[in-house]
């Protein structure tokens, strides 16, 4: 039986920068046991919000060079004496425990850097789960003194939307020379980006990367507009020759400055948190359907009837609501 | 006291193409009275789905020339002996009844055309409401023999998303010569478009319209990808000189053909309907919060605590769910 740390012990360990205790606290937050979730919640409330951190979401299709970029980026920011935490989300993989080693191998140098902390996020229990757990992992890392939080996702559509709601700045990595092809990037991902970074801009690729940069910058200027007034940037880099890495960091800093000056930095975080609350509540409400077989069966029957236009959507919703109340009342 | 038509009387009137009865049936569907909604639902189920119709969503900022385009487009398709219904959604206006006359004045010729039916949709009771009512209005018009349904919205962000889920084809109208400016079109609208139509391409404007066409076509090719494989088109038109109108209709026909051949035409409609059911149910679930003051107060308190990081999102959701069950049990 593993000894259970008290909330105070966790808090003290995290505040003192103890990486083992930080890792344990993240595991606590990822646990599905109600008592663990309860304690993780209390711990985070106790630790309170950290100041002046920046949360960066990174996405891109496999092969675009995410790990190599993160290595180079990590080297740069730690050379400025910043502390960096890297959280990886891979909703397609159930082998989370195995991939801890995988990640450390992927980011070999960074994993040995005392200013860096690398950690994959458990993604086993998906729906509403992943994002919630990652949110708490971010808060724990911030409380442990990490000022830059990278949340890395693989490009599979669903996860980007969740990550977008967790971070301040969303960076999309793309390959040069792809012309009109979209490299498997889904509709809607590109316009979530605060910056697009064209990777592997080295050797023969430099010219193509510059052309793609101009192309995408023009397209973004045409097609996207943000409430905050931030104009998404297109950058190029070569992690190999270490070019353009500094510029990414400078862009992130000027983004943060822009957001703070316009009053959007904290406002966006608050909106995200309240949204996370609403989503978690919606998830619980919906979860009842799965919990009670009669509700699940009714919902499926109605779906089929609605699709065949036998019943109208709002009537079906009303019927299901009736049964829902009935079931909850009796439970 | 107005005499109430029976469901059979409604059905017979609609099947025979009686415009007065069609208009009454739409009013029935728009009514907030439960018995009216019930009857409207039964009526639509009784009428059953119509075949081979095309539902077209049209949006664009005020001044882009929506009414003028709809006039010209309506003239073209009715000249091909097609029957056209135009439904207008204006969520910003509470003066729905007043705007019926407004719409008829706006589309002077079309409103006198026996093959056309023009009708604004009530938008009074918003949330989850507008789209649901419009969906039923569409089905009623289709049952009455209208093969082309235009759903027009004003460009204000929220409504486009709702309309997108009601139609097969989404058309965005834009002005030429706006360069890098976005004409107030929000992020996300442009990539919902199956086609962009650059209006007022006449006189001195032709060259600028052609340039904008090439520009936007390139940007769309770069930034958007659809599941169905349809490549969004950029077209130009002049409703004044009646140029490019025919091409819009041809584009819509080739879109429909594409969707049918790829198996997406009916599949998309089914997905939309099931989604409408889920949204209506979510709306009812959430509506409970507003119904019980103690739940509303609790939700607001928790929101504030979550935003201040006093309570974690998933814990707040759990607390609210507890109270919700409690309230339902006692109700």
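The values are calculated or read from the model by the stated rules, or taken from the named source; none is laboratory data. These figures come from a predicted structure and were not determined experimentally. Glycine gets a Cβ as well: all are built from the backbone with ideal geometry, and neighbour counts include every protein chain shown.
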Check: Going through the range B:71-97 one residue at a time, which ones are in a helix (DSSP H, G or I), modelled with pLDDT of 95 or more and touching a strand residue (DSSP E or B) at 6+ places or on another chain (Cβ under 8 Å)?
Finding: B:73, B:74, B:77, B:78
Next item on the list: Would you mind telling me which numbered condition in (1) within 19 Å of residue B:62 (Cα to Cα); (2) free of Cβ contacts under 8 Å to residues at least 40 places away in the same chain; (3) surrounded by 22 or more Cβ atoms within 10 Å (Cβ to Cβ) residue B:192 fails?
Entry: (3)
Margin query: Restricting to the range B:127-159, name every residue that is away from chain A (no Cβ under 13 Å) and modelled with pLDDT of 80 or more.
Written below: B:141, B:144, B:145, B:146, B:147, B:148, B:149, B:150, B:151, B:152, B:153
Item checked: Count of residues meeting criterion [touching a strand residue (DSSP E or B) at 6+ places or on another chain (Cβ under 9 Å), assigned to a loop (DSSP other than H, G, I, E, B) and modelled with pLDDT of 65 or more] in the range B:178-195 -> 3
Note to self: Being more than 9 Å from chain B (Cβ to nearest Cβ) and at pLDDT below 90: is that true of residue A:319 here?
What the structure shows: no
Next item on the list: Please work out if residue A:166 is crowded, with 24+ Cβ neighbours inside 10 Å, at pLDDT below 95, part of a loop (DSSP other than H, G, I, E, B) and in contact with a strand residue (DSSP E or B) (Cβ under 8 Å, 6 or more places away or on another chain).
Entry: yes
Item checked: Residue selected from the range B:196-227 under the condition in a loop (DSSP other than H, G, I, E, B) and surrounded by fewer than 16 Cβ atoms within 10 Å (Cβ to Cβ), by the criterion nearest to the other protein chains (Cβ to nearest Cβ) -> B:226
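Hey, among B:283, B:265, which residue is surrounded by 13 or more Cβ atoms within 10 Å (Cβ to Cβ) and touching a helix residue (DSSP H, G or I) at 6+ places or on another chain (Cβ under 6 Å)?
Values: B:283 fails: touching a helix residue (DSSP H, G or I) at 6+ places or on another chain (Cβ under 6 Å).
Only one candidate qualifies: B:265.
A quick yes/no check of all residues on (1) within 30 Å of residue A:38 (Cβ to Cβ); (2) modelled with pLDDT of 90 or more; (3) in contact with a helix residue (DSSP H, G or I) (Cβ under 7 Å, 6 or more places away or on another chain):
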site	(1), (2), (3)
B:249	no, yes, yes
B:261	no, yes, no
B:278	no, no, no
B:297	yes, yes, no
B:307	yes, no, yes
B:312	yes, no, yes
B:315	yes, no, yes
B:324	yes, no, yes
B:327	yes, no, yes
Item checked: Number of the exception - residue A:262 against (1) touching a strand residue (DSSP E or B) at 6+ places or on another chain (Cβ under 8 Å); (2) free of Cβ contacts under 8 Å to residues at least 40 places away in the same chain -> (1)
Item checked: Filter pass, residue B:300 being part of a helix (DSSP H, G or I), more than 7 Å from chain A (Cβ to nearest Cβ) and in contact (Cβ under 8 Å) with a residue 12 or more places away in the chain -> no
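Residues B:305, B:272, B:256, B:309: which one is at the interface with chain A (Cβ under 7 Å from one of its Cβ atoms) and surrounded by 14 or more Cβ atoms within 10 Å (Cβ to Cβ)?
After applying the criteria, what remains is B:309.
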